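Throughout, read-outs are computed from the coordinates displayed, never taken from laboratory work. Keep in mind that what you see is a predicted model, and the values were worked out from it rather than measured. Cβ placement follows ideal geometry from the backbone for every residue including glycine, while neighbour counts extend to all protein chains displayed.
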Amino acid sequence: MSIAENIDALRRQLPEKVTLVAVSKTHPVERLMEAYAAGLRHFGENRVQELLPKQGVMPSDVRWHMIGHLQSNKVRSIVPFVHLIHSIDSPALLVTVNKEAERIGRVIDVLLQFHIATEETKFGLDLEEAVVLLGSGDFRSMRNVRIRGVMGMASFSEDQEQVRAEFRSLRSIYNELRDGFFSGDAAFDTLSMGMSGDWRIAVEEGSTLIRVGSAIFGSR
Ligand SMILES: *Cc1c(COP(=O)(O)O)cnc(C)c1O
């Protein structure tokens, strides 16, 4: 199937209120432009080195999502244009994003990334670290970041009930933070979960944004 057909098929199945982010890592700009021509405007990349050259040549109305582990020394290069950083996985990274955003007078939307999978390799906070961060004076003094919600990746597993349980745990983290720190804040509205293999389960468990690569562009 073509990229346009893949996108059509996804759109037919996806509730309208769920945002579809096309994860374009490893794919050349010509393929991204096929997705753009099919109407997609949200694109996600996991490496700054790949994001920058693509951002430089894609149309300016693309909304770029940084979805991969972000090193502090790379933050400055993306803050001028990034739409949403999904991968805040340490308090220090949030401090850096706030500082770099302040330098250029932007407020950057971010998500806190949580470790919900069994795999050891995946980055992310746990609930306790997030509670400490959000309760700190440091955080309350940050004027140039806006926390929009949470992001997580489920285990790469055939066991659908395990995947579902992991998404459910992310949902409950989201609810707990919302009630504890963002009550009445309509901007805390994003639950980023679900990829090509598990987005249906994620949507059933309350996802508001799915990050889909191979189901759009084919395998990497
Ligand atoms: C690569 C990636 C995706 C998309 O993965 P697919 O299985 O190709 O849909 C989603 N989220 C993150 C963080 C990724 O790195």
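At 0.36 nm per residue, minus the direct Cα-Cα distance, what do His83 and Val132 gain on full extension? Give it in nm, one decimal, please. Write out the running numbers ahead of the final one.
Details: separation 49, 0.36 × 49 = 17.64 nm, distance 2.59 nm.
Taking His83 through Val132 to full extension adds about 15.0 nm, to one decimal.
If you take the beta carbon distance between Arg12 and Ser169 as r and set R0 to 35 Å, what does 1/(1 + (r/R0)^6) give as a FRET efficiency, to the nearest 0.05? Mind showing how you got there, number by number?
Working: r = 29 Å, r/R0 = 0.84.
For R0 = 35 Å, the calculated efficiency reads 0.75.
Local charge sum around Val21 (other residues, Cβ-Cβ under 12 Å, Lys/Arg +1, Asp/Glu -1)?
Working: positive: Lys25, Arg41, Arg63, Arg211; negative: Glu45.
Value of the local net charge: +3.
Taking the alpha-carbon set of region 111-220, what are its Rg and Dmax in Å?
Rg and Dmax of region 111-220, Cα atoms, are 14.6, 45 Å.
Pairs of lysine in the chain with Cα under 21 Å and at least 8 positions apart or on different chains: total?
Values: Lys25/Lys54; Lys25/Lys74; Lys25/Lys122; Lys54/Lys74; Lys74/Lys99; Lys74/Lys122.
Taking the chain as the scope, the lysine pair count is 6.
Considering the Cα trace of region 83-131, what is its radius of gyration and what is Dmax, both in angstroms?
12.2, 39
Which loop GluC sites (Glu not before Pro) in region 1-108, with loop taken from DSSP, have no more than 12 other Cβ atoms within 10 angstrom of their Cβ?
Details: sites: Glu5, Glu16, Glu30, Glu34, Glu45, Glu50, Glu100, Glu102; in loops: Glu16.
Here the sparse-neighbourhood loop sites are Glu16.
Mind checking which of Gln162, Gln13, Gln49 has the largest fluctuation in a GNM of the chain, springs on alpha carbons under 10 Å?
So, out of Gln162, Gln13, Gln49, the one fluctuating most is Gln13.
Treating each Cα of region 164-220 as an identical point scatterer and ignoring solvent, apply the Debye formula and state log10 I(q)/I(0) at q = 0.15, 0.17, 0.19, 0.29 Å⁻¹.
-0.48, -0.58, -0.68, -1.10
Kirkwood Rh over Cα pairs of the chain into Stokes-Einstein at 4 °C, 1.567 mPa s: D in µm²/s? Display every interim value, and only then the final one.
On the way: Rh = 17.7 Å.
Translational D for this selection: 73 µm²/s.
How big is the C-alpha Rg of region 31-128 next to the rule-of-thumb value 2.2 N^0.38 Å, as a ratio? Walk me through the intermediate numbers first.
On the way: Rg = 14.2 Å, N = 98, 2.2 N^0.38 = 12.6 Å.
Against the compact-globule rule of thumb, the ratio is 1.13.
How compact and how long is region 51-102, expressed as Rg and Dmax of its alpha-carbon atoms in Å?
11.0, 33
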